[in-house]
Amino acid sequence: MNNRVSRNEYDVFTRIKRGDNLVHIGTVEAETDDLAKVYATYIYDEEDWVEMCVVRRDHIGWVRHPEGLFKKEEAGA
């Protein structure tokens, strides 16, 4: 029997004051979305953020995804 709990990686975005850009400040790993919010609030409490959100990394919809440097160099060779 496997009792291992899967953890997801979440990107954390914040804004210090209204009108500022939303900025990526780090990541957290958590079993649930609610735990990710708690972890982000606790870990990144150094500022008085006006906004903070967490986004599960596998839920990000890339419009343009950067290629790795080595893959790009191989394609040009």
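With the dipole of the chain worked out from charges on the C-beta (+1 for Lys and Arg, -1 for Asp and Glu) around the Cα centre, which of V5, V23, G61 lies farthest toward the positive end?
G61
How much mean residue ellipticity at 222 nm does the chain get from its helices, if each DSSP H run of length 4 or more adds -39500 (n - 2.57) and you divide by all residues, to the nearest 500 deg cm²/dmol? Write down the numbers at each step before the final one.
Numbers: 2 runs with 19 residues, N = 77.
Per the formula, -7000 deg cm²/dmol.
What shape does the chain have by the C-alpha gyration tensor, where a ≥ b ≥ c are the square roots of the eigenvalues, rounded means a/c under 1.5, and otherwise prolate means a/b greater than b/c and oblate the rest?
Oblate, because a/c is 1.5 or more while a/b does not exceed b/c.
Just grab the label-to-label distance for N21 and R64, each label 7 Å out from Cα along the Cβ direction, in nm (one decimal).
Each label point is offset 7 Å from its Cα along the Cβ direction, giving 1.5 nm.
If you roll a 1.4 Å probe over the heavy atoms of the protein chains, what accessible area per residue do you get for the chain, in Å²?
Computed with neighbouring chains in place, this is 86 Å² per residue.
If packing is taken as the average count of other Cβ atoms within 10 Å, what order do 28-38, 59-69 fall into, highest mean first?
Numbers: 28-38: 15.1, 59-69: 6.9.
So the peptides 28-38, 59-69, ranked by packing, come out 28-38, 59-69.
Relative to the Cα centre, what is the charge dipole magnitude of the chain, using +1 at the beta carbon of each Lys and Arg, -1 at the beta carbon of each Asp and Glu, and rounding to the nearest 20 debye?
240 debye
The values are calculated or read from the model by the stated rules, or taken from the named source; none is laboratory data. This one's a predicted model, so the numbers in the text were calculated from it and none came from an experiment. Glycine also receives a Cβ, built like all others from the backbone with ideal geometry; neighbour counts cover every protein chain displayed. For the accessible areas, the whole protein counts, side chains as well, though only heavy atoms, and no ligand, DNA or RNA atoms are used. Shrake-Rupley method; radii C 1.70, N 1.55, O 1.52, S 1.80 Å.
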